[in-house]
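What follows draws every value from the coordinates through simple rules; no lab data is involved. Quantities reported herein were computed from a predicted structural model and do not represent experimental measurements. A quick note on method: Cβ atoms are made from the backbone with ideal geometry, for glycine too, and the neighbour counts reach across all protein chains shown.
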Amino acid sequence: MKLLSFKGGTHPLERKELSSDAHIKRVEPPEIVYLPLSQHTGAPSKVIIEKKDEVTVGMKIAEGDGKISVPLHSSVAGVFMGVVDYPHPLGEKKPAMKIKVDHEKTGEWEGKERDPESLSPEEIIKIVRESGIVGMGGAAFPTHFKLQPPPDKPIADLIINGAECEPFLTSDYRLMMERTEDILKGVDIIRRVLNPERIWISIESNKMDAVEKMKEAASTYPWAKITVHATKYPQGSEKQLVQSITGLEVPDGGLPFDVGAYVQNVGTAVAIYEAVRYSKPLYERIVTVTGSVREPSNFLVPIGTPFEYLIEQTSGVIGELKKIINGGPMMGIAQVTGEVPVIKGTTGILIQNEEEIIPGQTSACIRCASCIDICPLNLMSTELYKFISMDNFDRAEELGLLSCIECGTCSYVCPSNIPLTQYFKYGKAMIAKRRK
Amino acid sequence: MLQLSPAPHISSPKSTKKIMYGVIGALIPALVGSVFFFGWRALFLVVLSVLTAVATEWLFQLITHREITCSDGSAIITGILVAFNIPVNSPWWIAVVGSFFAIFVVKQLFGGLGYNIFNPALAGRAFLVASWPSLMTGKWSSPVHGFISGLDGMTQATPLTILNMSPSLELIQALNSQTMLKALFVGNVGGCLGETSCLLLLIGALFLFIKRYADWRISLSYIGSVFILSGIFYLVGVTPVNPVFHILSGGVILGGLFMATDMVTSPVTTKGVWIFGIGGGIFCVLIRIWGGYPEGVSYSILIMNMLTPLLDRLQPRIFGR
Ligand code: SF4
Ligand code: SF4
């Protein structure tokens, strides 16, 4: 079998076996959940209830503010305690809605059923927005907005991203194993909105059982084609996925629809299905909790659940807790505190102990060119680094700094452990600042 | 306390130290070979040269209050390579001066590891050749295990220097002979310490290529272009010896495998790498045939080292542009 692939990339240790066999397990909500008003790319949501108000599971508690924004729904039943400044997994404290949980009243979702076939694309887009759906692969871009590409850019290739190239994470894998049919039903709905010519469901070759399962389920959906991709990081990056399927390069500074492609994560497909079919808003998600924990797990978690609560659910940390990471090891963000809550874009929580953390010791660049060989965007990472460290942002920009997708591959391969990606984030921020 | 370092939170097993010590390991077969062929003095010179290199780096960093990195392996490599580039019967201070110059002037004054433009060992050798030409090219010792018959009268010269002395037809025949080429390949000829056995150098380099600690494209294009160009010149009668002799004699193999591939002083892009290798090979042959020195390897690579910052401007096409 020929595996689809892209240029560059690398092969970090996958470590998916830690949690790949753990079935999705629903966790009981904690005593208090914190729902940040900013959980997506775009303007934060606006609170629409009063302090002390009672809330129910799935009740809308904040409204989307403008086009690129979505509403927020309560993940539990209980009492709204007000907006507090609370630690946020993307850094710094941000306003969050504090809700005291009423365990008695918190149950599973019951909502009115609808027939997706009877809905027009406009109605579907409206439901998707009202349900607070954002990209579940981590980027958390409002899905209703993405579902409306410019009319002059028709979608030829709809790509459903099940690559899950981040090491350790298995939430998409479990979803593909346990909710195969629902993914396809969700894709069917997206299909009805976008009218693509071709539909691909893309999975990396380290998840062959998911491939088989998907192929089997897809026999009743003749439009769905399953593509198997080389297990290589960052295969799941939009541009790399589009390239490995269509052979086309998304233009520099452009988006996939510039080459007629559209990428959506498998988790988002399920969320869309649940919203359209069962009127269920996005208030819970699957989170892999893995790394140095006793029982690595895949949990179905109410949004707003603090990380530390989930870490307890895995029977605790092995060794000394040194790092809590929101997301996977390649792009995830190290947290200041375990109090941070799960948000819509939280794919996983990675725990590292004293043995797992990497030493911060760096040494001089020996010009080994590894970073250049692996950059999926063909950037000269070491040169970018050189110019950024000399504060020469103009030259860095000429060399393509703004195209960097911050995938972390260059830092990963650098034998001198230079935090290249960090330099690039800094350089981009400096350029953005100067433009203002 | 939770640690807050930026992503990624895992790192590849490759490390600068591993690369450096890998290169040192790859030089060991050739070192053993030179002790076998030239005797214990070869080891003495290598050890002396390494000690000088490491001590120079340590002292420099101590005095200038920089981070002490003399144990990262790079100075040891320079030490070994300097010794590999001098004749075994050169006075001990040649090794010391060569290593000192390589580390102090060529490496540290340029800013230390990663910032030097020239390969320190090669520049060290060039300095020695320019300062004490008679010591560096005149006197050669033959290997202790005997020499090729037919060249008996010439035991004081390397096969390559013979070429520069308008040799007789008979001698040229001897140089082109199977026996000669085999000896060059296995290592039973006079020459610099480390140049002697192409076979042992190749074994070491193979390890580096597999580990990706050295770029095979540079070695292939360098040695390959020496072969092709000298082959053309042999066919049209410009050089009396065949291209196999050209690549096996002198430092072509040592330079092409271990010095041209020095990461710090070679280009970082694919295009640059090929141009670097091919350009170096061409310069080498031109210097050998028309230059004043019998050996063109060091200067050819040094010239390409100098061009490397320029070659690094051959940026690959950015994705989507
Ligand atoms: S972080 Fe940027 S420069 Fe580094 S490999 Fe990824 S895209 Fe290339
Ligand atoms: S990988 Fe690191 S050491 Fe190698 S060239 Fe890039 S920055 Fe330099």
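Numbers at a glance
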item: Segment A:Arg114-A:Glu339, length gained on full extension (0.36 nm per residue, minus Cα span); result: 77.2 nm
item: Cysteines in chain A that, by Cβ-Cβ distance, have no pairing candidate under 4.7 Å; result: A:Cys165, A:Cys365, A:Cys368, A:Cys375, A:Cys404, A:Cys407, A:Cys414
item: Gaussian network model of chain A, Cα within-10 Å springs - most flexible of A:Met330, A:Met81, A:Met214; result: A:Met81
item: Rounded, prolate or oblate (a/c below 1.5 giving rounded, otherwise prolate when a/b exceeds b/c) for segment A:211-369 by Cα gyration tensor; result: oblate
item: Reach of A:Lys207 by Cα under 12 Å, taken over aspartates and glutamates that are not fewer than 8 positions away in the same chain; result: A:Glu14, A:Glu17, A:Asp21, A:Glu164, A:Asp172
item: Cross-link table A:Lys225/A:Lys323; A:Lys213/A:Lys280; A:Lys98/A:Lys153; A:Lys16/B:Lys17; A:Lys126/A:Lys425, entries beyond 32 Å C-alpha to C-alpha; result: A:Lys225/A:Lys323; A:Lys98/A:Lys153; A:Lys126/A:Lys425
item: Linear extension gain, B:Lys18 paired with B:Trp290, 0.36 nm per residue minus alpha-carbon span; result: 93.8 nm
item: Average partner coverage of B:109-115, which counts Cβ from other chains inside 10 Å; result: 3
item: Under 17 Å from the Cα of A:Lys100 - lysines, other chains or at least 8 residues apart; result: A:Lys51, A:Lys52, A:Lys60
item: Added length on full extension, which subtracts the Cα-Cα distance from 0.36 nm per residue, B:Lys271 to B:Ile228; result: 13.5 nm
item: GNM flexibility winner over chain A from A:Glu284, A:Glu14, A:Glu238 (Cα, springs under 10 Å); result: A:Glu14
item: A:Glu54/A:Ala139 FRET efficiency (R0 22 Å; Cβ-Cβ; nearest 0.05); result: 0.10
item: Shielding by partners, peptide B:210-218 (average Cβ within 10 angstrom, other chains); result: 1
item: Label point 7 Å beyond Cα of B:Gln61 along Cβ direction - residues of segment B:24-51 with amide nitrogen under 11 Å; result: none
item: FRET efficiency, A:Glu181 to A:Arg395 (Cβ-Cβ, R0 45 Å, nearest 0.05); result: 0.30
item: FRET efficiency, A:Ile68 to A:Lys425 (Cβ-Cβ, R0 25 Å, nearest 0.05); result: 0.70
item: Charge tally in the Cβ shell below 11 Å around A:Gly135, where Lys, Arg are +1 and Asp, Glu are -1, A:Gly135 excluded; result: +1
item: Trypsin sites (Lys or Arg not before Pro) restricted to DSSP loop in segment A:95-163 with at most 10 other C-beta within 10 Å; result: A:Lys112
item: Relative contact order for segment A:112-278, counting Cα pairs under 8 Å that sit 6 or more residues apart, in percent; result: 36 percent
item: Gap separating the Cα centres of segment B:1-72 and segment A:42-72, nearest whole Å; result: 60 Å
item: DSSP beta bridge pairing in the protein assembly as shown, given as percent antiparallel to the nearest 5; result: 60 percent
item: Relative contact order computed over segment A:370-435 (Cα-Cα under 8 Å; 6+ residues apart), in percent; result: 36 percent
item: Shielding of B:13-20 by partner chains, average beta-carbon count, 10 Å; result: 5
